Structures are given as C-alpha cells and as structure tokens.
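Scroll down for the structure; my scribbles are underneath it.
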Amino acid sequence: MLRVRAQARLGGLGLEAALDVAPGECLALAGPSGAGKTSLLRVTAGLLRPERGLVRCGEEVWLDTETGRDVPPERRRCGYLFQEYALFPHLSAWQNVAYPLRGTPRRQRRRRAHELLGRFGLERLAEARPRTLSGGERQRVALARALARRPDVLLLDEPLSALDARTRVSASRELASVMREASVPTVLVTHDFGEAAQLGTRVGIMDSGRVVQEGTPSELASMPSSAFVADFTGAVVLTGSARAGESGLTLVELDGGGHVASTDAAKGPVGVSVHPWEITIEPEGSGGPQGSAQNHLAAEVVSVTEIGNRVRLGLVACQPLAAEVTLASAKRLGLSEGKRVTATWKAAATRLVAL
Amino acid sequence: MKGRPGFASLLTVALTCAIAFLTLPVLAIFLDAGPGAILSSLGEESAREALWLSLETTSIALAIILLVGTPAAYLLATRSFPGRAVVITLVELPLVLPPAVAGIALLAAVGPSGILGGTLEGLGVRLSLETAGVVVALTFVASPFYLRQAQAAFASVDRTLLDASRTLGASEARSFARVMVPSAMPGLVAGTALALGRSLGEFGATLMFAGSFQGITQTAPLAIYDRFATDFDAALALSAVLVAVSAGILLSVKLVQGSEPLGDAAR
C-alpha cells in the first residue's frame with residue numbers, strides 16, 4: 001500500500017492531496033496542467049519536499065514531516081517514468097538501462113540490461129544513443145530503466161503524451177502489461193481523461209492542487225460531482241435553470257432556449273451533462289418523438305471528426321454540444337456540415353450538477 | 001537574406017574586414033620571423049626554459065581551476081541562495097580587472113607585506129618572486145573564464161536528468177559525476193579552452209606579482225617582452241613558437257569538442 005499525504009504552497013498553487021494506492025492498482029490522476037499532478041509524483045519520489053506530508057510505502061516511512069524523517073530519492077525505490085523520458089544523452093540505450101544496476105560486475109549488468117531491453121523488443125537498439133531513437137523506443141528504454149531496480153512503486157508522468165497517435169495504442173497496451181507484471185502500486189499522471197480511464201483502475205480528477213473526485217472511470221463519467229469533472233470527463237455540459245417537472249422529473253430551461261428533462265433532482269442554475277455517446281441523431285422532420293427518449297434538441301451539424309470507427313459530431317443547438325455515432329450510421333444518415341438534425345437522449349442519461 | 005543584396009554584401013564586407021584585421025598580425029609574425037629563426041630560437045636554452053615554465057605553470061593553474069571551479073560552478077548553477085547574484089558578480093570581477101591591477105591586488109593580499117603575507121610567511125609559504133606566485137597569478141586571472149562558462153553549461157543541462165539519476169539510486173555526488181559533468185562537457189571544454197588561452201598569454205599580473213626571473217618566474221610572454229628591448233628578432237621567433245603552441249591547443253580543443261557526441265545535439 002502506498003500512502004501519500006501532502007500539503008505545500010508551490011508558487012500560486014496550494015497543493016493539498018491524499019492518495020492511497022494498493023499493490024497492483026493504478027491510480028490515474030487526471031487534470032489540466034498546473035493542477036499539481038506532477039508535484040504529487042515528485043513528493044512521492046522525494047524530489048519535492050512538502051511543508052507537511054507523509055509518504056509511506058508498505059511498512060517503510062519515506063517521509064514524515066512530523067518526525068522529520070525524509071529518505072533521499074535514491075533510497076526510495078520508485079520507478080519514475082519522466083514526461084520526456086529523461087534518458088541520459090551521453091549513454092547508449094543499454095547503459096541507460098544499466099545505470100541503476102550498481103554493485104554488480106559490468107558483464108552481469110550488461111546482460112541484465114539486454115534482458116530488460118529484450119522484454120520490450122529493443123535488443124537490436126542496445127548500442128543506440130537516445131537521440132537516434134524514435135519517441136516510442138525512448139519510452140520503452142525509459143520504462144526498462146525504471147523497472148531495472150525492481151521498484152516498489154511506479155510513478156508514470158504523462159507516459160503517452162510524447163507519442164504519436166499510432167504508437168500510443170501499442171504503448172498503452174505495453175504499459176498495462178508492465179503494471180500487471182510489476183503488481184506494485186502505480187500512480188499515473190495525465191491531462192487526458194481517456195488515457196486515465198484506459199490505464200487507471202481508479203481515476204482521480206485533480207484541479208488546483210486538490211483531488212476533486214475519485215472513482216472508477218465510469219463512476220466519474222456518469223456521476224460527476226461538479227461541472228469541472230463533467231467537462232473534464234468529456235461530457236457535454238449545457239447550462240440552464242432547473243425546476244420540478246412532471247412525474248417526478250426535473251425540467252431544465254436551457255440558456256438560449258429549449259428544455260430538457262432529467263431524473264436527477266435539482267433547483268436553480270445547473271450544469272446539464274450528457275455523454276456524447278448517449279446522444280442519438282435523427283434526421284430533421286423524421287416524424288417527431290417516438291421512442292422512450294424524452295430530450296430532443298434541434299441542431300445543426302458544424303463539424304464531423306472521424307475517430308477510428310466512430311464519428312464525433314459538433315452540433316449547435318441553443319448551446320454547442322457533441323454527439324458520437326458509428327461511422328456506418330454517419331454514412332447512412334449522410335451527416336455532413338450544415339445538415340439539420342435532432343439530437344435525442346434519455347432523461348435518465350442526463351446528469352445535473354449545481355453551478 | 002534573399003532580396004536584400006545590399007545588406008548581404010555589407011555583412012560579407014564586415015566579416016572580411018574582421019578576418020583580415022585578426023589574421024594579418026598573426027601571419028606577419030611567421031612571415032617576418034621565418035622558419036630558420038623560429039627553429040634556432042628553440043635551440044636557445046632560456047627560450048626553452050620560458051616555454052616549459054609557461055606550460056608547467058599553466059597546467060598546474062588549470063588543474064586547480066578545474067578541480068575547484070567545476071564543483072563551485074555546479075553549486076552556483078543549481079542552487080538558489082540569498083546573495084547568489086552578489087557571489088556571481090564577485091567571482092566574475094577579475095574578468096574586468098586590468099592585469100596590472102590584478103598583480104597589485106595579489107601583492108596587497110598575499111605579497112610579503114600583504115594582509116595575508118605574515119600568515120603565509122609563518123607557514124613557510126612564499127609566493128611573490130617564486131614559481132608558485134606565477135601559478136597564483138594565472139589562477140586568479142584565468143579562473144573566472146572557466147567559472148562563467150561552466151556555470152552556464154551546468155545551468156543549461158536539463159534538470160530532470162538529475163532527478164532521473166536520483167530516482168535511479170544515485171546520490172547527488174554520483175549524479176554530478178556520472179550525469180551532470182558528462183552532459184555539461186561541451187561547455188566545460190569551451191571554458192577550459194578560454195582559461196587556458198588566458199593563462200598561457202598572461203603577462204601583467206605575473207610581472208607585477210611574481211616578477212620576471214629567468215627559469216623561476218619568466219614565462220614565455222615575459223621572455224618575449226624581455227627580448228623585445230634588446231633583440232627584436234628573437235622576440236619575434238619566440239612569439240611565433242607561442243602562437244603555434246596556442247593554436248595547437250585551440251585546435252585540439254575544437255577537435256575534442258567536435259567529436260563530442262553531445263555537441264550541438266545536446267538537449
């Protein structure tokens with residue numbers, strides 16, 4: 001179990017956060033840049049000393065500001081993957097990986113480094129310098145180096161953000177298997193909720209130095225505790241004013257016209273959140289409401305973005321919103337910019353958060 | 001520069017002037033002296049002695065500068081502490097001191113009647129008019145060149161490399177030796193070259209502080225000055241030798257730097 005408590009003033013940021021991560025678990029901290037995610041990793045690794053804090057890994061206390069205990073970074077067994085990977089430019093790939101292996105004869109270090117590189121399919125690049133490697137190769141060398149000391153904790157800072165979209169898919173699969181194998185507590189930091197949802201067993205959303213909500217990715221996406229979380233998790237956020245409606249539902253008059261119903265209870269100014277994939281699209285004038293869905297907004301398609309086998313549609317109704325449909329549906333409906341449609345979703349898929 | 005031929009030719013003219021002005025006097029030394037005179041000056045005992053003394057004192061001074069200056073520059077580059085700006089200014093001060101003033105300053109500090117003179121004498125250390133005094137003078141005038149460069153070199157190394165080294169189990173001392181120094185190497189080499197050049201050509205401070213005694217404190221530049229009054233040709237020949245030695249050192253530094261894998265690719 002990794003336990004981190006930290007309280008620090010860092011420039012304009014007041015960091016105040018608590019993390020508990022079990023072995024084999026990956027806590028993904030997601031949030032905008034400047035939210036204090038990396039600072040929390042640095043506190044854990046001993047690279048940043050908070051004013052008040054506690055870091056405990058299993059039975060070992062790495063930091064306790066109460067007792068003044070502060071174990072230096074080199075004696076905390078953290079496998080830290082830095083954002084730009086921080087490979088030593090003057091050393092070859094295998095020498096980078098062998099760097100943490102001290103106190104063993106050179107031949108043995110060399111063999112172990114090659115083994116680790118082999119695990120990531122990089123043996124043939126053992127002699128290469130970091131600057132001749134591609135982004136994905138660098139990431140794997142850095143990962144091999146971070147694992148060389150058999151760390152008790154894995155700290156991953158934006159492990160995928162320096163990679164191009166194609167490499168990212170294989171790299172994230174690789175990362176997931178590394179975390180499974182190491183089965184130590186992992187803290188991963190990212191500014192991308194999708195990445196956090198994919199790699200984290202739990203996700204913590206950070207904003208201005210605090211973890212504002214923590215839960216499984218689907219918990220966060222379906223029950224955001226604030227407009228910030230809803231927005232960050234990729235849900236569409238509309239604003240309006242709520243009042244009690246018919247048959248126990250809440251009716252929200254949207255700013256700019258139109259109204260939607262929700263099964264959540266609320267009153268006064270609210271944010272209305274709905275996930276893009278909950279919204280169905282029907283061509284305009286297709287005959288009005290027929291199904292169970294209660295919410296209908298007339299909208300115009302303003303952008304069409306392909307994401308693999310699906311399409312994200314930018315829509316303008318009274319307020320901008322986004323919908324996701326399959327590529328096949330988009331073709332069938334002839335969705336293109338300027339097309340007028342009706343966006344439909346269920347009151348049960350509509351979350352309300354007080355503003 | 002396309003479309004602005006006037007400006008482009010102005011740049012070319014400026015560079016041509018600079019090259020001509022800087023190389024002509026150096027070339028003139030060789031043209032005037034001639035190979036015969038240069039070789040025969042090397043046959044002269046006192047000239048060889050002066051050259052040897054120059055190389056010896058410069059090497060010792062450089063060793064001191066590297067040993068003390070490298071960690072000092074690292075500290076200046078990586079730590080912030082109150083009065084850091086003042087410390088940096090103090091360290092750079094000898095750069096702007098006229099060499100004669102540097103010599104006077106050394107006399108006032110560690111000369112026989114200087115503020116530390118008595119203490120040193122009590123310890124049996126004599127600097128002025130001794131070879132050790134030459135080393136002190138060279139170190140004093142040349143070290144700021146190295147410190148400045150080394151500090152800039154350390155400051156430009158990506159700090160996450162140091163962080164990475166620490167999380168990989170290396171203490172700060174080990175990280176310094178294994179990561180920071182190699183990463184800063186191009187800048188450290190450049191600083192060494194500057195300090196070396198300044199030290200090999202040192203004249204004023206050495207003359208004022210250590211004097212000009214053949215075989216003891218008379219380095220090559222002092223020997224050249226010594227001959228200048230009596231035997232211009234000999235001065236010229238010795239100058240040519242000094243230029244050749246300096247150019248050789250400068251060239252080898254450039255080669256080392258050029259072959260350094262970090263070179264311009266250093267992040």
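On a full-extension model of 0.36 nm per residue, what is the gain between B:Val86 and B:Ala132, subtracting their alpha-carbon distance, rounded to one decimal in nm? Before the final figure, lay out each step's value.
Working: separation 46, 0.36 × 46 = 16.56 nm, distance 2.94 nm.
13.6 nm is the gain from fully extending B:Val86 to B:Ala132.
Set the Förster distance to 45 Å, then compute FRET efficiency between A:Glu127 and A:Ser183 from the Cβ-Cβ distance, nearest 0.05.
On the way: r = 32 Å, r/R0 = 0.71.
E between A:Glu127 and A:Ser183, to the nearest 0.05, is 0.90.
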From the phi of every residue in the range B:251-256, what ³J(HN,Hα) in whole Hz does the Karplus formula 6.51 cos²θ - 1.76 cosθ + 1.60 yield, where θ is phi - 60° and glycine or proline is x?
5, 5, 4, 4, 5, 4
Given axes a ≥ b ≥ c from the Cα gyration tensor, I'd like to know whether the range B:5-266 is rounded (a/c under 1.5), prolate (a/b larger than b/c) or oblate.
oblate
Just to check I understand the Karplus step: with θ = phi - 60° and J = 6.51 cos²θ - 1.76 cosθ + 1.60, what whole-Hz values come out for the range A:341-353, glycine and proline as x?
9, 10, 8, 10, 7, 7, 4, 6, 9, 9, 9, 10, 10
Just tell me which lysines come within less than 24 Å, Cα to Cα, of A:Lys267; anything on the same chain fewer than 8 places away is out.
A:Lys346
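Counting only heavy atoms of protein chains, what accessible area per residue, in Å², does the protein assembly as shown have with a probe of 1.4 Å? Provide the component values of the computation, followed by the final result.
On the way: 29880 Å² over 622 residues.
The answer is 48 Å² per residue.
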For the pair B:Ala155/A:Arg150, report the inter-label distance in nm, with labels modelled 7 Å from Cα in the Cβ direction.
4.4 nm
Which residues' amide hydrogens lie under 5 Å from the amide hydrogen of A:Arg77, considering only partners 5 or more residues apart or on another chain, with H built in the peptide plane?
A:Asp152
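Pairs of alpha-carbon atoms within less than 8 angstrom and 6+ residues apart define the contacts here; what relative contact order does chain B have, in percent? Don't jump to the answer; show the numbers that get you there.
Values: 305 pairs, mean separation 75.5, N = 267.
Normalised by residue count, the contact order of chain B is 28 percent.
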Built amide H within the under 5 Å cut-off of B:Gly201, gap 5+
none
Here the membrane-span-like helices of chain A, with no claim about any membrane, defined by DSSP H, Cα axial extent at least 30 Å and mean Kyte-Doolittle at least -1.0, are none
How far apart, in nm, are two points set 7 Å out from the Cα along the Cα-to-Cβ line at B:Glu56 and at B:Val13?
5.3 nm
Once amide hydrogens are built 1.01 Å from N within the peptide plane, the residues lying 5 or more places from A:Ala235 or on another chain with amide H under 5 Å from its amide H are none
How much FRET efficiency would the formula 1/(1 + (r/R0)^6) give for B:Asp231 and B:Ser171, where r is the Cβ-Cβ distance and R0 is 35 Å, rounded to 0.05?
0.05
Can you give me the relative contact order of chain A as a percent, contacts being Cα pairs under 8 Å and 6 or more apart?
16 percent
Computed for A with B: buried accessible area summed over both chains, 1.4 Å probe, rounded to 100 Å², at 2100 Å²
Apply 1/(1 + (r/R0)^6) to the Cβ-Cβ distance of A:Thr263 and A:Ser329, taking R0 = 25 Å, and write down the FRET efficiency to the nearest 0.05.
0.45
When the Cα centres of the range B:112-191 and the range A:225-249 are compared, how far apart do they sit, in Å?
63 Å
If I model a spin label at A:Arg340 and B:Val245 as a point 7 Å from the Cα along the Cα→Cβ vector, what separation in nanometres do I get?
9.3 nm
Phi angles of the range B:149-166, converted by Karplus (6.51 cos²θ - 1.76 cosθ + 1.60, θ = phi - 60°) into ³J(HN,Hα) in whole Hz with x for Gly and Pro, give 4, 5, 4, 4, 5, 5, 5, 8, 6, 4, 5, 5, 5, 5, 4, 4, 4, 5
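Loop-only check: which chymotrypsin sites (Phe, Trp or Tyr not before Pro) in the range B:189-231 are DSSP coil with at most 14 other Cβ within 10 angstrom? Don't skip to the answer; put the middle values down first.
Working: sites: B:Phe203, B:Phe209, B:Phe213, B:Tyr225, B:Phe228; in loops: B:Phe203, B:Phe213.
Counting only loop positions with at most 14 other Cβ atoms within 10 Å, the chymotrypsin sites (Phe, Trp or Tyr not before Pro) in the range B:189-231 are B:Phe213.
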Using 0.36 nm times the number of residues separating A:Thr201 and A:Val169, minus their current alpha carbon distance, what extension gain do you get?
9.7 nm
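The values are calculated or read from the model by the stated rules, or taken from the named source; none is laboratory data. Please read all numbers here as calculations on a predicted model, not as lab measurements. All Cβ positions, glycine included, derive from the backbone under ideal geometry; neighbour counts span all protein chains shown. With ligands, DNA and RNA removed, areas are computed over all heavy atoms of the protein, side chains included. Shrake-Rupley method; radii C 1.70, N 1.55, O 1.52, S 1.80 Å.
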